[in-house]
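Single-structure report; data block below.
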Amino acid sequence: MRPSDRPSGLERLRYAVAARRGIVLGALLLTAALGGFVAAQTFTGPDTATEQRTVGTWTTEGELRHGAVVQRDTRAFDAGAVLHNRSVYFSSVTPALNGSYVFRHSGDAEPATVQTDLRLVVRAVTVGEDKSVLWRVSERVASERTASLSPGDEFAVPYEFNVTAQSELAERVRRELGSSRGELQVRLVADTTVSATVAGERFDRERTATLEVTPRGDSYAVSATSAGQRREPVTERVAVPVEPDPVARYGGLLAALLGLVGVGLVAYLDRAGRLDVDPETRAAMELARDRDSFAEWISTGRVPPAGDDRVVTVDSLAGLVDVAIDSDRRVVEDTDSGTFVVLDGGTRYEFRPDDCDGDVLGPVDGHGEGSETAPSGGDRPADDPLTGDGEEPPATDE
């Protein structure tokens, strides 16, 4: 077979399997093992799995509402008008602040037990980010409890206090301490405890909300903070059936079967010699592989006859490419003869693929030994340097 002839797909497959017999067998065995393992897991795995499932939810929320009643007529406000949830109130017309702390819950809970305690705290804090407390005075404002707050209902605890009177109390404390340091604050603190049963699970929670009042001479600022809305899920571990994955089950069986059949087939073909590739075909495929590997050094064209050039025959395409690299030349593939040539001055280096069929490439399928043949010109003596020890002889004119 000429190297320019393309081997058939079957010949290429036989050559590839023979050259990598161990890798192919290992891959087939691994495929069979993995396929068997996956299939076995689908047959022997548990029929049920345990997972967390939400069986109920409980949502709680509390807020401090505030407002003030206008005490006298003004151009801006009429007496008796009610101002709600403002950020600033005027001390002269709305000295008293009132409102309520409202708690509610919803979800899958049973009626809850709720208790709320309201405390009024007058204090002085340092000016800055840390807000360190310099002193405080506290008193209870209200305390209420219910044992049957149904989901969706509201539990409200009302309150009322005079901000002007609390500011005067703070000034008396300052005079007693002999210091006016710090910023005055009046705080209403709502501490709430709630207990409820949700989907058979008992919950005991605490919440705190704060209404902060800051006197500023002729007015006072109000801001409310709370824990906001809290949602708590109730979960339980339940057993659910596990449906086997048909792709894993039957795909694993198929992979195991194909792997075992492949191992047996490769072993049979190897023993029967069906993987053997004739030397000419093997040489052609080796040449094609080398041709692709060294494509960047090879150009195609027509090379003139040798003429007076000194001709050196190289045993392999790889060796000829080495010559081209060392001499900074191109390898030219003659399109007419298939010969690969490097022209370096008066010396012509050649590799003739047709002269190498079945030579030192040797068999890759492991059956028999390759035979060496003289690379070019069968009349070279056995001790010729090109076919003996592999060293080039001194170039001489033909």
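Readers should treat all values here as calculations from the given coordinates under stated rules, not as data from a laboratory. Every value quoted in this text rests on a predicted model; they were computed, and no experiment measured them. For neighbour counting, all protein chains shown are included, and Cβ atoms are generated from backbone atoms with ideal geometry for every residue, glycine included.
Round to a whole angstrom and tell me the spacing of the C-alpha centers of segment 314-355 and segment 184-260. Centre-to-centre distance over Cα atoms comes out at 78 Å. Of the Cα atoms belonging to segment 55-239, the radius of gyration and Dmax stand at 19.7, 71 Å. Taking other Cβ atoms within 10 Å as a rough exposure proxy, Tyr268, Tyr159, Tyr349 sort from fewest to most as Tyr268, Tyr159, Tyr349.
Seen from every direction in turn and averaged, the convex hull around the alpha carbons of the chain projects onto 45.2 nm². Here the contact order of segment 1-105, divided by its residue count and restricted to Cα pairs under 8 Å and six or more residues apart, works out to 24 percent.
Could you tell me which of Ala81, Thr59, Ser179 has its Cα farthest along the dipole of segment 55-239 towards the positive end, charges placed at Cβ (Lys, Arg +1; Asp, Glu -1), taken about the Cα centre? So the residue furthest toward the plus end is Ser179. Computed from point charges on the beta carbon alone (+1 for Lys and Arg, -1 for Asp and Glu), the dipole magnitude for segment 55-239 about its Cα centre is near 540 Debye. Once the Cα atoms are used to define both axes, helix 279-293 deviates from the longest principal axis of the chain by about 50 degrees.
Seen against the Cα atoms of the chain and their longest principal axis, helix 246-271 is set at about 20 degrees.
Which distance in nm do the two modelled labels at Glu144 and Asp130 give, with both placed 7 Å along the Cα-to-Cβ direction? That separation, rounded to one decimal, is 4.0 nm. Between the helical axis of 21-44 and the dominant principal axis of the chain, each derived from Cα atoms, what acute angle in degrees is found, rounded to the nearest 10? Computed tilt is about 30 degrees. Extension gain, Ile23 to Glu243, is 75.5 nm, computed as 0.36 nm per intervening residue step minus the present C-alpha separation. Under 5 Å from the amide H of Gly56 lie the amide H atoms of Val234, each residue being 5 or more positions distant or on a separate chain, with H modelled from the backbone and absent for Pro and chain starts. Based on Cα contacts under 8 Å between residues 6+ apart, the chain shows a relative contact order of 20 percent.
Using Cβ point charges alone (K and R +1, D and E -1), the dipole size of the chain about the Cα centre works out to roughly 4500 debye. Shown is the FRET efficiency for Phe43 and Leu10, computed with R0 = 41 Å from the Cβ-Cβ distance and rounded to the nearest 0.05: 0.60. Since only Trp297, Pro151, Asn162 are under comparison, the one whose Cα sits farthest along the positive direction of the charge dipole of the chain, derived from C-beta charges on Lys, Arg, Asp and Glu, is Asn162. Here Ala76 and Glu168 are evaluated by their C-beta separation; at R0 = 30 Å the FRET efficiency comes out at 0.75.
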